[in-house]
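J.: I am attaching a structure below and will ask some questions about it afterwards.
The values are calculated or read from the model by the stated rules, or taken from the named source; none is laboratory data. Keep in mind that this is a model prediction, so the values were computed, not measured. Backbone-built Cβ (ideal geometry, glycine too); neighbour counts: all protein chains shown. These accessible areas exclude ligands, DNA and RNA; they are computed on the full protein's heavy atoms, side chains included. Shrake-Rupley method; radii C 1.70, N 1.55, O 1.52, S 1.80 Å.
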Amino acid sequence: MSYKKIVTCIYLENGKAIKGFDDHQTVAEDAVELAVRYSNLGADELLVFDLSDTDEEHETALGIIKEIGRHIDIPVIGAGNIKRTEDVKKLIYAGCQKAAMNMAKQANIDLIEEVSKRFGKDKIAVCADAEEQIIDHFELLDQYCCGAILLNSAPCKGYKSLSVIPVLNDLAMEKIPEILQNSGIAGISGDVINFNVEQIMPIKRMCADQGIEMNTYECAFQWSDFKLNTDGHVTVVVQDYKTAQVLMVAYMNEEAYQKTIETGRMTYYSRSRNELWVKGETSGHFQYVKELTADCDMDTILAKVSQVGPACHTGSTSCFFNEILRKEYSDQNPLKVFEDVYAVIADRKVNPKEGSYTNYLFDKGLDKILKKVGEEATEIVIAAKNPDKEEIKYEMSDFLYHAMVLMVENGITWQDITRELANR
């Protein structure tokens, strides 16, 4: 589905988020936390400008961008400090969906074709501080780029397949629909969004009401479609969208249901207090909607959420921690098994255990780990030439274990891997 995007910006300087190119006042000490907030409040994309001056500051910024990519679900566009092909690779490897080349630098313009052919057109965007820069190089950009960030002005025309997002700092919020009506604009960014992040969902509704396609919560079912209990409520089972852990059970009335859809924050009806309550309004432990699904009887909702902090008022991650009974069993959930084995390996690195083969590998260092990964990969090839599937299974398990040792050694998580696969 094609829709106009609401894009937030983070300007990174000295490891902190500042207001902008010309205003170096700190907005947030923790840029990752700020990015998570933008994502949770409904931003469709995040634009990160690296304003560092030195190589050391640049490496710090790349580390922050990598952490941002690990913690948010919206695409990240990386811009700034691109001087060569290697810099584009670093941004993409840090988790950016796109790298934006600076059109004010001839060296960047000269690089566009090369990096586009190497990484793919869909990975390359440009940053322009005047529309003329797009017009003057349009044929190049149309062939080798997928989008343009236009600073301080809105484009006056459409650019075929080249989607343009203006970064506007002096714009009244009520003017946003007028700007987005322009067919040449793919979205909007700038101070008008950054300084009104709590209003992102209302902005989207305002635009949608004027016939503009926006990424809002579209419901397949109305409240009248549900079978209510005797109190006029629907039971809601709440689940962490990443881990699938059940967090809590609550209830909704019609007002809570509508409020949840409007704001993107889980809102319930308190039967004990006889009032509406937004989860996290007092504690700050908000739940942001990722998915709502009704059961077969239409009397229960399964809510998959992004949980901030613990879900339970006791401080526990989940309200379900009073174990009644447990029969020992082997958990064969693939993701859970991978995470559990990874956790054991990571723990061995921090807390060495005498006689541990894992610690032997860590002690010998990277070269030994790489040697074992290579050996196990070869064993898979040999096993695959034989008809015994059990042998392949055994060798692949060995390989995956050693690959996880390599992951821990290099600080790579399964979330990094799954995110990369999902982006392909």
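J.: Are any residues in the range 213-228 part of a loop (DSSP other than H, G, I, E, B) and either open to solvent by 60 Å² or more (accessible area, probe 1.4 Å) or at pLDDT 95 or above (or both), and if so, which ones?
T.: Hits for the range 213-228 are Glu213, Asn215, Tyr217, Glu218, Ala220, Phe221, Gln222, Phe226, Lys227, Leu228.
J.: Also: Tell me, please, whether a residue that is surrounded by 13 or more Cβ atoms within 10 Å (Cβ to Cβ), farther than 22 Å from Asp44 by Cα, in contact with a strand residue (DSSP E or B) (Cβ under 9 Å, 6 or more places away or on another chain) and in contact (Cβ under 8 Å) with a residue 60 or more places away in the chain can be found in the range 285-296.
T.: yes
J.: Another question, if that's okay. Of the conditions (1) touching a residue at least 60 places away in the same chain (Cβ under 8 Å); (2) of a type in the set (D, E, K, R); (3) touching a strand residue (DSSP E or B) at 6+ places or on another chain (Cβ under 9 Å), Glu198 satisfies every one except a single condition; which number is it?
T.: Glu198 satisfies all of (1) touching a residue at least 60 places away in the same chain (Cβ under 8 Å); (2) of a type in the set (D, E, K, R); (3) touching a strand residue (DSSP E or B) at 6+ places or on another chain (Cβ under 9 Å) except (3).
J.: Shifting gears a bit: Kindly list, by first and then second residue, each pair from a residue in the range 332-354 that is touching a residue at least 40 places away in the same chain (Cβ under 8 Å) and farther than 15 Å from Ile417 by Cα to a residue that is surrounded by 13 or more Cβ atoms within 10 Å (Cβ to Cβ) and aromatic (Phe, Trp, Tyr), limited to pairs with Cβ atoms under 6 Å and residues at least 6 apart or on different chains.
T.: Hits for this filter: Lys349/Phe362.
Matching residues to (1) over 13 Å from Ala303 (Cβ atoms); (2) under 24 Å from the mean Cα position of the chain (by Cα); (3) of a type outside the set (Lys, Arg); (4) open to solvent by less than 40 Å² (accessible area, probe 1.4 Å):
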residue	(1), (2), (3), (4)
Gly232	yes, no, yes, yes
Tyr257	no, no, yes, yes
Ile261	no, yes, yes, yes
Leu276	yes, no, yes, no
Lys279	no, yes, no, yes
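J.: When Thr267 is evaluated against the numbered criteria (1) open to solvent by less than 50 Å² (accessible area, probe 1.4 Å); (2) touching a residue at least 40 places away in the same chain (Cβ under 8 Å); (3) in contact with a Lys or Arg (Cβ under 8 Å, 6 or more places away or on another chain), which criterion, by number, is the only one it fails?
T.: Single failed check for Thr267: (2).
J.: So, in the range 12-61, of the ones that are over 26 Å from Ser306 (Cα atoms), assigned to a helix (DSSP H, G or I) and free of Cβ contacts under 8 Å to residues at least 24 places away in the same chain, which residue ends up most open to solvent (accessible area, probe 1.4 Å)?
T.: Filtering the range 12-61 for residues that are over 26 Å from Ser306 (Cα atoms), assigned to a helix (DSSP H, G or I) and free of Cβ contacts under 8 Å to residues at least 24 places away in the same chain, the one most open to solvent (accessible area, probe 1.4 Å) comes out as Glu56.
J.: Now a separate question. On the given criteria, is Met266 over 18 Å from Ala311 (Cβ atoms) and among the hydrophobic types (A, V, I, L, M, F, W, C)?
T.: Against the criterion (over 18 Å from Ala311 (Cβ atoms) and among the hydrophobic types (A, V, I, L, M, F, W, C)), Met266 does not qualify.
J.: Take Met206 and decide whether it is of a type in the set (A, V, I, L, M, F, W, C) and assigned to a strand (DSSP E or B).
T.: It is false that Met206 is of a type in the set (A, V, I, L, M, F, W, C) and assigned to a strand (DSSP E or B).
J.: Next up: From (1) under 30 Å from Thr413 (Cα atoms); (2) surrounded by 21 or more Cβ atoms within 10 Å (Cβ to Cβ); (3) touching a Phe, Trp or Tyr at 6+ places or on another chain (Cβ under 8 Å), pick out the condition that doesn't hold for Ala148.
T.: The number of the failed condition is (1).
J.: Same structure, new question: Identify, please: which residue in the range 373-424 is of a type in the set (A, V, I, L, M, F, W, C) and open to solvent by 70 Å² or more (accessible area, probe 1.4 Å) and is, among those, farthest from the chain's Cα centre (by Cα)?
T.: Top of the filtered list is Ile382.
J.: Follow-up. In this structure, is Thr317 open to solvent by 30 Å² or more (accessible area, probe 1.4 Å), among the hydroxyl-bearing types (Ser, Thr, Tyr), more than 20 Å from Phe221 (Cβ to Cβ) and over 23 Å from the mean Cα position of the chain (by Cα)?
T.: no
J.: Hey, any hits in the range 295-303 for a residue that's part of a loop (DSSP other than H, G, I, E, B), of a type in the set (D, E, K, R) and more than 29 Å from Asp73 (Cα to Cα)?
T.: Taking every residue of the range 295-303 in turn, at least one turns out to be part of a loop (DSSP other than H, G, I, E, B), of a type in the set (D, E, K, R) and more than 29 Å from Asp73 (Cα to Cα).
J.: Being open to solvent by less than 70 Å² (accessible area, probe 1.4 Å) and closer than 24 Å to Glu420 by Cα: is that true of Ala104 here?
T.: In short, no.
J.: Another question about this same structure. Does any residue in the range 220-233 that is under 11 Å from Ala294 (Cα atoms) come within less than 9 Å, Cβ to Cβ, of a residue that is among the acidic types (Asp, Glu) and in a loop (DSSP other than H, G, I, E, B) six or more places away or on a different chain, and which pairs are these?
T.: From residues that are under 11 Å from Ala294 (Cα atoms), the pairs are Phe226/Asp299; Lys227/Asp297; Lys227/Asp299.
J.: Scan the range 177-200 for residues that are within 16 Å of Glu213 (Cβ to Cβ), assigned to a loop (DSSP other than H, G, I, E, B) and either open to solvent by less than 10 Å² (accessible area, probe 1.4 Å) or small (Gly, Ala, Ser) (or both) and jot them down.
T.: Selection gives Ser183, Gly184, Ala186.
J.: Check off (1) open to solvent by less than 30 Å² (accessible area, probe 1.4 Å); (2) within 23 Å of Ile74 (Cα to Cα); (3) at pLDDT below 95; (4) not hydrophobic (A, V, I, L, M, F, W, C) for Ser116 and give me the number that stays unchecked.
T.: Result: Ser116 fails condition (3) only.
J.: Tell me which residues, restricted to the range 243-267, are of a type outside the set (Asp, Glu), outside any strand (DSSP E or B) and in contact with a helix residue (DSSP H, G or I) (Cβ under 8 Å, 6 or more places away or on another chain).
T.: Within the range 243-267, Tyr257, Gln258, Thr263, Gly264, Met266 meet the criteria.
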